[in-house]
Amino acid sequence: MTTPTPLGFSELLTRSYSVFVYVLSISLCFVSVRSSHIRTGDASYPQAANGQTFPWNKMRLPDSIIPVHYDLLLIPNLTTLKFLGSMNIEVYVQQETNTIVIHSKHLDIAKATITNLDGTSPPKVLQVLEYPVHEQIAILTAEPLVVGRSYIISFEYTANLSDSFHGFYKSTYRTKDGEVRVLAATQFEPTFARMAFPCFDEPAFKAHFSVRIRRELKHLALSNMPILKSLNIEDNLVEDHFEKSVKMSTYLVAFIVSDFTSISKMTEHGVKISVYTVPEKIEQADFALEAAVKLLDFYEDYFNISYPLPKQG
């Protein structure tokens, strides 16, 4: 009987490497087949909340459509702790598609429509599918959207003010007399603008924003930009229109409805800075205002970069 010759280290290493490469090749072939199936097969797409197939299976939004301008109306009710929303998004088509995927979280969308930017066609009602796992909705159009054209997508929806400090949330403070007062404020960073309005809630999808807020006379409304005008809607209801914002990401949008009071001062470079506080503590706001004015002037001079907005606070 012949005794097998022991393998040398180099030969053993070579054979082991060959077996490893062979097994790895088989594995890669298997993974490649599965990946191809996942990209093309119906099973790759999840189910929407209504049981239909949701037409997008990635966490990141597609870039076939990009936002240009949001026109947003919000009507918060600080008694019922709910709010109504009405919004028009101007979008630009980069690739032909009949599916628009954007973010939405805890919003009850009652209606969605689309029309040409020039208004030559009547608004068409759209089907909306929701996939809560990715906090996305898909708006389905009957005909493909044309590359190079702009459209207006409109939404009407309702939601509850959030109980957390995310999205459009409810907050309270107590007066000296023990009265609890309610206000509504926002915290959208990093991914909570979708809790206040349907949007492309990723930093790369920058756009301009025009915000309108309807409030009671006893309250005031604030947003990123100065108030352009205020309209009396009813005896006790005012609608504040804010100037169009600079181009920015959704997480930078901010607004608040409260009964706060403020003091203001202009910087040497012409920027209005305001400090807001509950009415009973307005006398404590002077130090914060003086510090903010001096700091903004210092940093503008130090970096030789102008503050990009007409106001702060």
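So the values come out like this:
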item: Dimensions in Å of segment 76-115 - Rg and Dmax from alpha carbons; result: 14.0, 45
item: Degrees separating the helix 9-40 axis from the principal Cα axis of the chain, which is the longest one; result: 50 degrees
item: Range of Cα positions in the chain per principal axis (Å), largest first; result: 105, 52, 44
item: When each of Lys105/Lys229; Lys58/Lys247; Lys124/Lys170; Lys170/Lys311; Lys58/Lys170; Lys176/Lys272 is checked by Cα-Cα distance, pairs over 28 Å; result: Lys105/Lys229; Lys124/Lys170; Lys58/Lys170; Lys176/Lys272
item: Charge dipole (debye, nearest 20) of the chain; +1 at Cβ of Lys and Arg, -1 at Cβ of Asp and Glu; result: 560 debye
item: The chain, accessible surface, carbon-and-sulfur percent (1.4 angstrom probe); result: 56 percent
item: Label point at Glu268 placed 7 Å out along Cα→Cβ; residues across segment 281-313 whose backbone nitrogen lies under 17 Å; result: 290-307
item: D_trans [Stokes-Einstein, Kirkwood Rh over alpha-carbon pairs] for segment 130-170, 10 °C, 1.306 mPa s, µm² s⁻¹; result: 116 µm²/s
item: 10 Å Cβ shell holding at most 15 others, DSSP loop, trypsin sites (Lys or Arg not before Pro): longest site-free stretch of the chain; result: 61-148
item: Where GluC sites (Glu not before Pro) in DSSP loops with at most 14 other Cβ within 10 Å are excluded, longest remaining stretch of the chain; result: 1-95
item: Per principal axis, descending, Cα span of segment 200-313 in whole Å; result: 48, 41, 22
item: Accessible area expressed per residue, the chain, with surrounding protein chains retained (probe 1.4 Å, Å²); result: 58 Å²
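The values are calculated or read from the model by the stated rules, or taken from the named source; none is laboratory data. Since the structure is predicted, the reported quantities are computational estimates derived from the model, not experimental observations. Note: ideal-geometry Cβ built from the backbone for every residue, glycine included; neighbour counts use all protein chains shown. What goes into the accessible areas is simple: the full protein's heavy atoms, side chains included, and nothing from ligands, DNA or RNA. Shrake-Rupley method; radii C 1.70, N 1.55, O 1.52, S 1.80 Å.
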